[in-house]
Amino acid sequence: MSFFARFAQNRGALVGLVILLAIVLMAILAPLLYPESPWRMVQRPFLAPLEAEGFWLGTDTMGRDVAAGLMHGAWVSLLIGLISTSVALLIGVPLGAVAGYYGGLIDDALMRFTEFFQTIPNFALAIVLVAIMQPSVASIVLAIAIVSWPPVARLVRAEFMSLRHREYVEAARLVGQTNRTIILKQILPNTLSPIIVLASLMVATAILLESALSFLGLGDPNVMSWGYMIGAARTVIRQAWWLSFFPGVAILLTVLALNLVGEGLDDALNPKLARERS
Amino acid sequence: MNDNTPVLSIRGLTLALPQGADRDYAVEDVSYDVARGEIMCVVGESGSGKSMAANAVMGLLPKGVRPTAGEVLFDGQDLLTLSEKQHRQLRGLRIGMIFQEPMTALNPLMRVGAQIAEVFEAHGKYSGSERQEKALALLEEVGIPQPERAIRAYPFQLSGGQRQRVMIAMALALEPELLIADEPTTALDVTTQAQILELIRDLQKRRGMAVMFITHDFGVVAEVATRVCVMRFGQIVELGMADEVLDNPRHDYTRALLEAIPSNRVPEARGGERPAPLLEVRNLNKVFRSRGGLFKPAREVRALDDVSFTLAPGETVGIVGESGSGKSTLGRCVVRLERPDSGTLALAGTDFSALRGDVLRRERHRVQMIFQDPYASLNPRHRVGYAIAQGPMANGVPKDKAMRQAEELLELVGLGAVAVDRFPHEFSGGQRQRIGIARALALNPELIVADEAVSALDVSIQAQVLELLEELKQKLSLSLLFITHDLRVAAQICDTIIVMQQGRIVEQGTAQEVFLNPREAYTRQLLDAIPGRAHEAAMA
């Protein structure tokens, strides 16, 4: 059975994939459907959804088109979520793997280093980092990655510690495999399930973190993001609910879709589950 | 003793398994009685449904399993129709039970006395102080040393045998008419097993209870059974008095099971000169230290204490001992998964214990290991062919050649080359152990260490795997270090036997010497504890 067929057996994962594809499509089509900048003021402010022809999600406090912002913002939110998570995984997984596999002094050193990051509240650190580096997409991605890798390292370390004494790992040592091969081929594949689940949650938190940063005015001033839209609408939430509602729903759907897809990937990658279902 | 009134009578019991299971019924049309004053042994291999009827009696059927026909009569009452509440009334009060793993069956955070008192409390019997007195009396009855101290102990402070005694005390607390024992001695050492069996037999006689004893071990059956019920695939194969079934089995399956028991037959001694040893172990020591904390002293366990022996090429040396004897540590030192503290391990001249790092890694192919747990020793994410080819690949053999070799090896261990593309979980325990053997052979090692390689398997499978090892030994002239707690298994395959106790070698000699003329008291004690030994001697 192909990988996709196994993935598709999880109904929820398929729904998640469809939602995710729709959001990606939104991001791709944005420049075609709304060729003008989403920052441009196009109509009178505070138009409610469907009130005026062509502005089916209404306009915001400055008369900018909410639909245009939503479509352009999809690109930024997804980009930031995916890239920052990948960077966090690139830092956290090797660190945790090495700490958990070798133990002893190496483990102590790496874990103290990790704790150094964990003792500072995530969001405060992210704010400081973005403020120092000047708000831009790159600095936001980096800041989010730097605050979110410690849990990955902790998780991977714990998994490695419990797996390194398994008989199959000992068997691999006995046949003379190098430590590198054992880490990459024997143990890492068996830690994939929790990593995937964690990663899908991290993409979601990254999107939320970016939203929070934009909400505080620390977003990239040149790109429209969902977080900025919600942030800008917070003062008028009672007069113009649609300004925060639509970007909020977009974030909710994206996060939900990512979780569903993560779960489906986990099932599809697990050879045991896959065969049992077939 | 046997007055033949059945306490429990199972009539045409059929239990349906949920859809998608590997068969439709857990047990099918099963009928047997358990009478007052007898021990009814239900024997079968794993998956035979031997525990299912007992679960039905106790009202503890797993989810999805439901009775579709038949009845379970206890004192004239059909247990299958009882509500959960009525069942609870019966459990403990009139039906006692003992499980396989006493550590998990006891609450780790409760003192032993309180756990026994809880049994009385659950059924509203006696006052607080009376309960403690009763608990003490029970602990005395089940023969726990220093019962006054044991009553205040936590389960982890007791040994496995003592914990099982506590379980028995709890089961007997309310003087049940029926005692159900589900593999009560499987997790125990031979000597402890012999003591527990003795205790169960003794208590049964004294109290005149009916006992339903579930086991996979015919040796145990020979020790305790009044009557025997042999099960396979959820059906009764044979039912009769113990002597009859054991001496004149009518059914082929029973006969096969009886023959599969590793017997005490001792292999012929090999004559001739002993060639230069392949493995020479000299004064090996290993101490495990647990780091002490602020308030607890560091603990030291001497796992290996000045161990020396030799192994000749083509020879099979058996290391026998109870848990904690250091036999596994010895095996792990020989394959260098552990580093001995001192002493030498000379493998055909090179000192294996001195090697380190990359040099050690490159030499590792010379000694391989067959692991105990067929479920944990194969990476669940790797296909079987790859699992076997990994070794040669790590030592520089190109991938396609290694994969071809893996196919040949799978043929050799009797699985067929088609197995290469399958995942470990698609195989049974015995088949996985064959894969483990193929993996060990893949590197053409000079020495193979088998650590309890057949202990986790059913008897008939065990016999097949032992046969395979024997065959491979002849064909490839393997040298084997065979570690086991089971003397019967050791007797079957080993040329030389080493008996270990608390990290020290107590006795070593040829299999014949050790089995027929044991010099040390401890060896004799181990041999006497083998279940079914008396029966076999009578047969001979």
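Observations on the model:
- Between residue B:247 and residue B:140, the modelled labels are 4.1 nm apart [label points 7 Å from Cα along Cα→Cβ].
- For residue B:16, residues with placed amide H under 5 Å, excluding near neighbours: B:26, B:66, B:68
- Residues with amide H under 5 Å from that of residue B:231, placed H, sequence gap 5 or more: B:43, B:44, B:237
- Taking θ as phi - 60° and the Karplus parameters 6.51, -1.76 and 1.60, the scalar couplings of region A:38-46 work out to x, 7, 6, 7, 10, 8, 5, x, 6 Hz in sequence order, x denoting glycine and proline.
- Between residue A:24 and residue B:399, the C-beta separation translates, for a Förster distance of 35 Å, into a calculated FRET efficiency of about 0.40.
- Sorting B:244, B:507 by the number of Cβ atoms found within 10 Å of their own Cβ, with the fewest placed first, yields B:244, B:507.
- Amide proton proximity set for residue B:7, modelled H, under 5 Å, gap of 5+: B:34, B:35, B:36
- For region B:198-252, the pair-distance distribution built from all alpha carbon pairs, in bins 10 Å wide starting at 0, is 21, 53, 22, 3 percent.
- Pairs of alpha carbons in region A:47-134 separated by more than 15 Å make up 75% of all such pairs.
- If the segment from residue B:202 to residue B:255 were pulled out straight at 0.36 nm per residue, it would be longer than the present Cα-Cα gap by 16.2 nm.
- Here is how the number arises for chain B: DSSP H runs of 4 or more residues each give -39500 (n - 2.57), the sum is divided by the residue count, and the result at 222 nm is -10500 deg cm²/dmol.
- Using alpha carbons only, the radius of gyration of region A:1-89 set against its Kirkwood radius gives Rg/Rh = 1.13.
- In plain terms, if you count all Cα to Cα distances in the protein assembly as shown and split them into 20 Å steps from zero, the share in each step is 13, 34, 33, 16, 4, 0 percent.
- Extension gain, residue B:122 to residue B:341: 0.36 nm times the residue separation minus the Cα-Cα distance gives 73.6 nm.
- Look at the alpha carbon pairs under 8 Å that are at least 6 residues apart: their mean separation over the length of region A:1-120 gives a relative contact order of 17 percent.
- Taking B:220, B:42, B:359 and counting other C-beta atoms within 10 Å, the order from fewest to most: B:359, B:220, B:42
- Count Lys and Arg as plus one, Asp and Glu as minus one, and take only other residues whose Cβ is under 13 Å from that of residue B:282; the net charge is then -3.
- Residue mean of other protein chain beta carbons inside 10 Å, B:382-390: 3
- Student exercise, the protein assembly as shown dipole from Lys, Arg, Asp, Glu Cβ charges, in Debye to nearest 20: 2200
- Residue-by-residue Karplus 3J(HN,Hα) for region B:228-242, coefficients 6.51, -1.76, 1.60, Hz, glycine and proline x: 10, 10, 9, 10, 8, 6, x, 10, 7, 8, 8, 9, x, 5, 4
- Extension gain from residue A:119 to residue A:138, taking 0.36 nm per residue of separation minus the Cα-Cα distance: 4.4 nm
- Fewest-first ordering of B:83, A:139 by other beta carbons within 10 Å of each residue's beta carbon gives B:83, A:139.
- For region A:30-241, with +1 on Lys and Arg beta carbons and -1 on Asp and Glu, the positive-most of A:76, A:221, A:118 along the dipole: A:118
- Under the span-like rule (Cα at least 27 Å along the axis, Kyte-Doolittle mean at least -0.5), DSSP H helices of chain A: A:11-33, A:66-102, A:137-163, A:188-215, A:242-269
- Net charge over other residues, Cβ less than 15 angstrom from the Cβ of residue B:151 (K, R count +1; D, E count -1): +1
- Annotation for residue B:517 and residue A:197: the two label points, set 7 Å from Cα along the Cα-Cβ direction, are 6.3 nm apart.
- Percentage relative contact order, chain B, counting C-alpha pairs under 8 Å, at least six apart: 15
- Chain A, helix-only ellipticity at 222 nm - DSSP H runs n ≥ 4, -39,500 (n - 2.57), divided by all residues, nearest 500: -24500 deg cm²/dmol
- Spatial extent of chain B: Rg and Dmax, with the Cα atoms as the point set, Å: 25.3, 75
- Relative contact order (%) - region A:30-241, alpha-carbon pairs under 8 angstrom, separation at least six: 25
- Global geometry of chain A, whether rounded, prolate or oblate, following the gyration tensor of its Cα atoms and the 1.5 cut on a/c: oblate
- Expected-Rg normalisation [2.2 N^0.38 Å, Cα atoms] applied to region B:299-433: 1.22
- Proportion of all alpha-carbon pairs of region B:438-519 beyond 23 Å (%): 25
Read-outs throughout are calculated quantities, based only on the coordinates presented, and are distinct from any laboratory measurement. Only a predicted model underlies this, so the values are computations on that prediction, with no experimental measurement involved. Virtual Cβ from ideal backbone geometry, glycine too; neighbours counted across all protein chains shown.
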